[in-house]
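Have a look at the structure below, then the notes.
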Amino acid sequence: MTYQNLVMNLRGVTPSELLYLEQVMKNMNEEQAKSFIVFYSGKRKDPQDILLFTLLGFVIIAGVQRFILGQIGMGILYFFTGGLCLVGTIVDLVNFKSLTSDYNQKMAYECAQMIHSMNSASR
C-alpha cells in the first residue's frame with residue numbers, strides 16, 4: 001500500500017512510531033489509511049516540540065509539556081510545585097521521547113477507532 005509514503009511525510013516520525021502505525025493501518029484500505037493519516041497528523045506531537053516545552057519548565061512555567069500531552073492533572077501538579085521541585089522536569093527531559101511515543105500511540109489508537117466507527121456507520 002502507499003500509506004507508508006503518507007506516514008513518511010509526517011514530521012519527526014521515528015522508526016518505532018512507523019512500525020506501530022503500520023500495525024495499526026494493516027487492515028485499512030487506501031481511503032481509510034488516508035483518512036487515518038489526516039486525523040492522526042492533526043493529533044500527534046513531535047518529540048522535539050515536547051523537549052522544547054519541557055525546557056520551558058526550567059525558565060518560565062513548569063508542566064507545559066504535561067498540558068500539551070493531555071495530562072492536565074500532572075500539568076497542574078507541576079505548575080504548583082515548580083516541576084516537583086525541578087526533579088519531575090529533569091525526569092521529563094530524560095524521558096521526553098517515551099512520553100511523546102506513549103501519547104502518539106494513544107492518538108493513533110483513537111484515530112483508528114474513529115476510522116473503524118466511521119466505516120461501520122457508512123455500511
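State yes or no: is Gln32 crowded, with 17+ Cβ neighbours inside 10 Å, of a type outside the set (Asp, Glu) and in contact with a Ser or Thr (Cβ under 7 Å, 6 or more places away or on another chain)? Taking the combined requirement at face value, the residue does not satisfy it. The residue of region 10-29 that is farthest from Tyr109 (Cα to Cα), among those that are more than 15 Å from the chain's Cα centre (by Cα) and part of a loop (DSSP other than H, G, I, E, B), is Asn29. Scanning region 30-61 for residues that are in contact (Cβ under 8 Å) with a residue 12 or more places away in the chain and not in a helix (DSSP H, G or I) returns Arg44, Lys45, Asp46, Ile61. When region 57-74 is limited to residues that are of a type in the set (Gly, Ala, Ser) and farther than 12 Å from Leu99 by Cβ, the one that is surrounded by the fewest Cβ atoms within 10 Å (Cβ to Cβ) turns out to be Gly73.
Each reported figure results from applying straightforward, stated rules to the coordinates on display, with no laboratory input. In this text the structure is predicted, and so the values were computed from the model without any measurement. In this analysis, Cβ positions are derived from the backbone assuming ideal geometry, glycine residues included, and neighbour counts consider all displayed protein chains.
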